[in-house]
Amino acid sequence: MKQLRSIFLVAMLLCCSLSAFSQEEGKEEGGVNLKEILFGHIQDSYQWHVTDIAGHPLIIPLPMIFYSQQSGFHIYCSSQFAHEPDANLLRQGPDGFFIKGAEDEKGQIVELVGSEYVPVCFDISITKTVLVLFINALLLVFCILTAARWCKKHKVDDPAPKGFVGLVHMFVMLVYNDMIKPSLGKEASKYAPYLLTCFFFIFLSNLMGVMPFPPGGGNLTGNITCTMFLALCTFLIVNITGTKAYWKEIFWGDVPWWLKVPLPLMPFIEFFGIFTKPIALMIRLFANMLAGHVIAISLSCIIFIMFALGGVMGDVLGTAMTPVSVLLSIFMMLLEVLVCYIQAMVFTMLSAVFISMSHVKEHHG
């Protein structure tokens, strides 16, 4: 992790030192806008910007569904809104609706009422992140049902499957035997469906985020909303299925009495720990996946930033940095694949540990 932090800091310092200049060059001379590239990849948006072909953006428009207190429900396509924002950073749409922010940002939808811009009540649009979520969920269902169909047609003592089905079986047995069962013991089969779902969903989403083209390319686990929901599921299972002894240890643990009365120091610390566990799950997955994407993109952009400097110096620096940037980008992509598995494993393993900690039994002296 120390090496990763060092690489991240060096890359970000280099990119930040050149970002202001590169952004101005990008606007005036068609150079590279590093901020637009980074935020266009890691942020959510109402459209899916795939790439640029001959200077023209290739965009997948997505449905926008929202409710306005003034005019009710509305359904539009993101292509009905202006691609470029005006001077007020508003992208004009039909019927007096606007999107705040740039083209690759999921800005707030507002409605022009009189002379004021009023935000809509709630927004349930199919954004880029939501579409990626649907795609990943369908792929996960397909992968699991393919392996389940093989199990349905074969007996337990039949030879092990090969190919893709064998790969899925290997991961299932690996996660169950090495991550879930050691923590939960006899209760492993009870919580295995949830924990296996967490592992495969996170692992698949991480891999799809590394893929640079659709249906991949969406940084789902780099979105804190997704990781927050996964952590919330673990939080609910831990605390709903917790035993009486678990709650007793939190509010009246076996510690010296002066740590409990008159000032409930230990109960407060233990109760606070209930919430720090899911927060740690949420932040760890989100931060690792987000940082990995930022580093990989930043290293790739170094080439174009150098050439955007112009002149002989820009050509020399761009040529010199090209092999370095390519090698570092390949290394980071390979490392990202490893991190995809590690983060899915860590989330699943910690969830199993937290569940087992909430099933503590009464101690009889």
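The values are calculated or read from the model by the stated rules, or taken from the named source; none is laboratory data. In this text, all values refer to a predicted model and were calculated from it rather than measured experimentally. FYI the Cβ positions are ideal-geometry reconstructions off the backbone, even for glycines, and counts take in every protein chain you see. Each accessible area value is taken on the protein alone, full model and side chains, heavy atoms only, with ligands, DNA and RNA left out. Shrake-Rupley method; radii C 1.70, N 1.55, O 1.52, S 1.80 Å.
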Next item on the list: Find the relative contact order for the chain and round it to a whole percent, using C-alpha pairs within less than 8 Å whose residues are 6+ positions apart.
Entry: 18 percent
Next item on the list: Just round it to a whole percent: the fraction of Cα-Cα distances in the chain exceeding 39 Å.
Entry: 33 percent
Next item on the list: Sort the following peptides by mean Cβ neighbour count (other Cβ atoms within 10 Å, averaged over residues), highest first: 212-224, 268-280.
Entry: 212-224, 268-280
Margin query: Quick check for you: with a 1.4 Å probe and neighbouring chains kept, what is the accessible area per residue of the range 195-315, in Å²?
Written below: 48 Å²
Next item on the list: Can you bin the range 265-337 into rounded, prolate or oblate? Criterion: square roots of the alpha carbon gyration tensor eigenvalues sorted a ≥ b ≥ c, rounded for a/c under 1.5, prolate for a/b above b/c, oblate for the rest.
Entry: prolate
Note to self: Could you tell me the relative contact order of the range 297-365? Use alpha-carbon pairs under 8 Å, at least six residues apart, and round to a whole percent.
What the structure shows: 26 percent
Notebook entry, point to check: What is the range 124-268 by shape, rounded, prolate or oblate, if you read a ≥ b ≥ c off the alpha carbon gyration tensor as root eigenvalues and call it rounded for a/c under 1.5, prolate for a/b larger than b/c, and oblate otherwise?
Noted result: oblate
